[in-house]
Structures are given as C-alpha cells and as structure tokens.
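A quick write-up on the structure given underneath.
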Amino acid sequence: MKYKVFLVFLALLFISSVLLAGTKLEFQDPKGDDKGPGNYVYPTDPIYVAGSFDLIKAEIEDRGEEIDFKITFNAPVTFNWGDFWDVQQLQVYLDFDHVAGSGHTETIPGTQVLVDAADAWEKVVFIDPHTVPKINGEIGLKAANLKNDIVLPTKIKPIGKSLKATVKKSDLGVAMDADISTWGYGILMLSATGFPGDWLVLMRRVNEYEGQHRFGNGSDGAGDPNVMDMFVDNADGSDDEADIQYDMLNDWKSGPDPTDTSADKLTVIKLVYPK
Ligand SMILES: [Ca+2]
Ligand SMILES: [Ca+2]
Ligand SMILES: [Ca+2]
C-alpha cells in the first residue's frame, strides 16, 4: 500500500515538473506605438522599414534546461548589413524575486531609462546582431559593473517578423524548476548600431532631429530614452497600453551635451508581471 502511494507521489512529481517545463507566457503590445514617449520618428534611411521597431507579441517558453524568448514585431527581419540581422536590438530585463531594492535599477549604458526599485532586475538577456566577441568587448569596456548580469543567448534565430533567442537557465543562474510565470519582464526595443560611440553599448541614438541613421524628436543630449517600444502594464495589447508607455518613457530631462550627463534625469519604467 505504502509503495502504491509512493508511486502515485512519483507520478504526480513527474507530471508537475513536466507541466512546469512547458510553461508558456504570451504578451501582446498595441500596433503603432513604436515612437518611444509618443513622438519619436524613425531615421530616414530606407533600411529602417516601417514597423521594424513596433513590438507586437512576446512568447516566452520554458523548455526545461533552456528558455525561448520569441519576440515579434511588425516588419520582417532584414539582412542587408551587420553581422547577422540589420536594425533591431532587444533587451529583456528579468526580475526573479519582486522584492523592492533587490537587484539593479540601472540599465545597459545607452538605454537611458531606469527600472523602478520595486521591480529591480537580476539578469538581462541581450539580443543584438553583432558578433559575440564584439558584444563582449563593448560590455567589458562600457558596462563592466553589470557584466555578470548581462546574459547572451546561446542561439538567436530570425523567423519572419520574429527573433527567437534561446537562453540557458544555467546562464541565468536559476534552478531548472524555476517558475517563469512568477518573474517580471522588461522587454525593450532599441536599434542596434556598430558605431555607437562614447559609452553606449551598441544602441542607436535618438536626436532632436531625425537623420539618415538617427531617430528624431528626442534630444541631442543623453537624457532621452533610446527605446522605441516596450511591453507595459498587463501586456494584453489593449490600446490604452500605448498611452501608458508614452507616459512611462516621457519623464526625462536632458542637457544639450551627450558627454555631460550631469543635467540629465532618466525616466523610470515598470516591468510586466504575468497575471
Ligand atoms: Ca507596439
Ligand atoms: Ca529583483
Ligand atoms: Ca508598446
């Protein structure tokens, strides 16, 4: 009898771990809000195809030893330049514990937003089209203090209008049975560039006026977020989430000089927690 109970217990344990391994989260984002705080415009070069920075959906799937992050936007991935794809840079900030003050509030240098201390993050997945040596070189030079918490995927696969990044749980430093539905997610869309200059980790700047390779309607200084789109609130894709994003990304001040950041005030963002 006891043996039978034990067998049932083992079976339940197996089923629950299989169920956890299959956990899949889906976030939605409204179309047409790929303008940061509400007014940003794309660079003028035709390589920046309309919709390229417009987040639509994120699917996050626990596959046991790995987690897949499939992020979909509103234009096909293109391959005209760069080491891999052309224009997108994605950052996925992960808050494992949702304990106020536990984790980082600063973001990767050049992103130019802060994360609310209540949502402080433990790891960020960095999805960028440059080679791993180039990315690691930039991180070592410009983000040494965050180096241990910036995680590169083991594999990134462009699929149509999506990039699917595979990340090892061991690289995130989490247990194999970690429950991804309890984490917070800050998924940001930026633009990648191989020539970022100064202290920016491979992201393209927003300036006051748009140019061939610069976004417009921000500031020539460094206080404005270089983020075009993000998931917010419940991430159910309802229209009000555009306004929530615009408000969240709009509370910044910038001096005129990108090398003098003393007058800058960065805006503060909140992460998304699955319901
Ligand atoms: Ca969007
Ligand atoms: Ca945390
Ligand atoms: Ca959005």
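Laboratory data are not the source of any read-out in this text; all were calculated from the coordinates shown. In this text, all values refer to a predicted model and were calculated from it rather than measured experimentally. Cβ: placed from backbone, ideal geometry, glycine included. Neighbour counts: every protein chain shown.
For residue 151, state whether it is within 14 Å of the chain's Cα centre (by Cα), within 26 Å of residue 55 (Cα to Cα) and crowded, with 21+ Cβ neighbours inside 10 Å.
no
Here's the yes/no breakdown for (1) under 15 Å from the mean Cα position of the chain (by Cα); (2) part of a loop (DSSP other than H, G, I, E, B):
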position: 94; (1), (2): yes, no
position: 97; (1), (2): no, yes
position: 109; (1), (2): yes, yes
position: 118; (1), (2): no, no
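Would you mind stating whether residue 77 is under 30 Å from residue 177 (Cα atoms), touching a residue at least 12 places away in the same chain (Cβ under 8 Å) and out of contact with any helix residue (DSSP H, G or I) (no Cβ under 7 Å at 6 or more places or on another chain)?
No, not satisfied.
Condition first: touching a helix residue (DSSP H, G or I) at 6+ places or on another chain (Cβ under 6 Å), over 24 Å from residue 137 (Cβ atoms) and not hydroxyl-bearing (Ser, Thr, Tyr). Now tell me which residues in region 82-119 satisfy that.
Restricting attention to region 82-119, the residues satisfying the condition of being touching a helix residue (DSSP H, G or I) at 6+ places or on another chain (Cβ under 6 Å) are 95, 100-101, 105, 109.
Applying the additional criterion that residues be over 24 Å from residue 137 (Cβ atoms) yields 95, 100-101, 105.
Once the filter is applied, which keeps residues that are touching a helix residue (DSSP H, G or I) at 6+ places or on another chain (Cβ under 6 Å), over 24 Å from residue 137 (Cβ atoms) and not hydroxyl-bearing (Ser, Thr, Tyr), region 82-119 yields 95, 100, 101.
Is it true that residue 257 is surrounded by fewer than 20 Cβ atoms within 10 Å (Cβ to Cβ), more than 16 Å from ligand 3 (Cβ to nearest atom) and in a loop (DSSP other than H, G, I, E, B)? Break it down into steps so the answer makes sense when it comes.
Values: surrounded by fewer than 20 Cβ atoms within 10 Å (Cβ to Cβ): yes; more than 16 Å from ligand 3 (Cβ to nearest atom): yes; in a loop (DSSP other than H, G, I, E, B): yes.
Spelling it out, residue 257 is indeed surrounded by fewer than 20 Cβ atoms within 10 Å (Cβ to Cβ), more than 16 Å from ligand 3 (Cβ to nearest atom) and in a loop (DSSP other than H, G, I, E, B).
Quick one: would you say residue 232 is surrounded by 17 or more Cβ atoms within 10 Å (Cβ to Cβ), touching a residue at least 12 places away in the same chain (Cβ under 8 Å) and within 16 Å of ligand 2 (Cβ to nearest atom)?
Judged against the criteria, residue 232 is not a match.
Is there a residue in region 42-53 that is closer than 28 Å to residue 174 by Cα and touching a residue at least 12 places away in the same chain (Cβ under 8 Å)? It would help to see each step written out before you state the result.
Residues of region 42-53 closer than 28 Å to residue 174 by Cα: none.
Scanning region 42-53 turns up no residue that is closer than 28 Å to residue 174 by Cα and touching a residue at least 12 places away in the same chain (Cβ under 8 Å).
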